[in-house]
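The values are calculated or read from the model by the stated rules, or taken from the named source; none is laboratory data. From a predicted model like this one, the values you see are computed outputs, not experimental measurements. Positions of Cβ are backbone-derived with ideal geometry, glycine not excepted, and every protein chain shown enters the neighbour counts. Heavy atoms of the whole protein, side chains included, go into the accessibility calculation; ligands, DNA and RNA do not. Shrake-Rupley method; radii C 1.70, N 1.55, O 1.52, S 1.80 Å.
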Amino acid sequence: MLRLLLFMSLLAFTISCDTKTSDDSKLQDFTDLLSGKFSSEKQSELDSSYPAVYLVNIPIWEDKPGYWLYHELYDKKNNSSVYNQRIINVRREDSVTLSTISYVIPNQKKYINAWRDISVFNFLTIDSLKRRDGCDVYFKKTSTIYQGKTKKGTCLSNFTENIAYTTSNVVVSKNKISSWDRGYDITGKQIWGKIQGPFQFVRINDY
């Protein structure tokens with residue numbers, strides 16, 4: 001009997017930790033909206049102060065609990081010119097809030113353009129990643145879009161010594177992701193990032 005109870009407890013724990021096995025259609029829908037390839041090229045044509053950038057979010061680790069994406073931003077003119085690389089964990093916080101947790105990849109240059117062949121992530125372990133503490137983006141759904149933001153002052157910056165913290169505001173819809181990252185000094189003055197507004201990434205089918 002004791003052995004049976006231990007087995008049932010372990011089974012219940014495993015199921016509760018694996019969001020893929022749970023009936024959470026909103027979390028799945030949100031992950032699907034985030035996934036894919038997006039481009040800011042149209043925005044760049046209208047305003048040259050915004051470079052043409054590709055954003056790629058590719059699902060990885062389908063055999064692991066939870067939803068994981070490889071995230072990469074790179075220059076449209078040169079796909080080896082990469083602005084950002086992260087591993088993203090998409091998860092539910094409570095009944096109305098979803099979040100994206102970002103992790104720094106060790107030896108990240110090794111994974112440039114790894115969205116072309118995600119099998120390379122089979123050799124990367126979750127415990128080798130470094131979580132970006134305080135940089136979680138919290139989303140709530142309004143109508144047909146998800147609006148998300150970081151908590152103010154918690155995402156500490158290591159870009160330069162002048163930037164005390166950064167913020168991210170993200171809107172995710174059916175075929176577009178808008179992303180506005182800004183950096184502030186210790187007085188709360190914005191000293192990094194776009195003043196005008198967010199980057200507008202439109203979904204494309206080119207891989």
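Key figures
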quantity	calculated
Residue check, Ser143 surrounded by 16 or more Cβ atoms within 10 Å (Cβ to Cβ) and modelled with pLDDT under 95	no
Test: residue in the range 128-136 that is touching a residue at least 12 places away in the same chain (Cβ under 8 Å), in a strand (DSSP E or B) and closer than 22 Å to Tyr67 by Cβ	yes
For Phe123: the one exception among (1) modelled with pLDDT of 95 or more; (2) farther than 26 Å from Lys76 by Cα; (3) open to solvent by 60 Å² or more (accessible area, probe 1.4 Å)	(1)
Among residues of the range 136-173, those that are among the charged types (D, E, K, R) and under 16 Å from the mean Cα position of the chain (by Cα), counted	4
Breaking point among (1) buried (at least 18 other Cβ atoms within 10 Å of the Cβ); (2) of a type in the set (Lys, Arg); (3) farther than 17 Å from Lys130 by Cβ, for Arg86	(3)
Test: residue in the range 106-120 that is over 28 Å from Pro51 (Cβ atoms), of a type in the set (A, V, I, L, M, F, W, C), open to solvent by less than 50 Å² (accessible area, probe 1.4 Å) and in contact with a helix residue (DSSP H, G or I) (Cβ under 8 Å, 6 or more places away or on another chain)	no
All positions within the range 92-105 that are hydroxyl-bearing (Ser, Thr, Tyr) and either open to solvent by 70 Å² or more (accessible area, probe 1.4 Å) or in contact with an Asp or Glu (Cβ under 6 Å, 6 or more places away or on another chain) (or both)	Ser95, Ser99
Test result for Asp133, under 16 Å from the mean Cα position of the chain (by Cα), acidic (Asp, Glu) and open to solvent by 70 Å² or more (accessible area, probe 1.4 Å)	yes
Residue ranges of strands (runs of 3 or more DSSP E) in the range 151-207 with at least 1 members open to solvent by less than 60 Å² (accessible area, probe 1.4 Å), without any contact (Cβ under 8 Å) to a residue 40 or more places away in the chain and in contact with a Pro (Cβ under 6 Å, 6 or more places away or on another chain)	176-184
Every residue from the range 83-129 that is charged (D, E, K, R) and out of contact with any Ser or Thr (no Cβ under 9 Å at 6 or more places or on another chain)	Asp94, Lys109, Lys110, Arg116, Asp117, Asp127
Residues located in the range 67-110, provided they are small (Gly, Ala, Ser) and modelled with pLDDT of 95 or more	Ser95, Ser99, Ser102
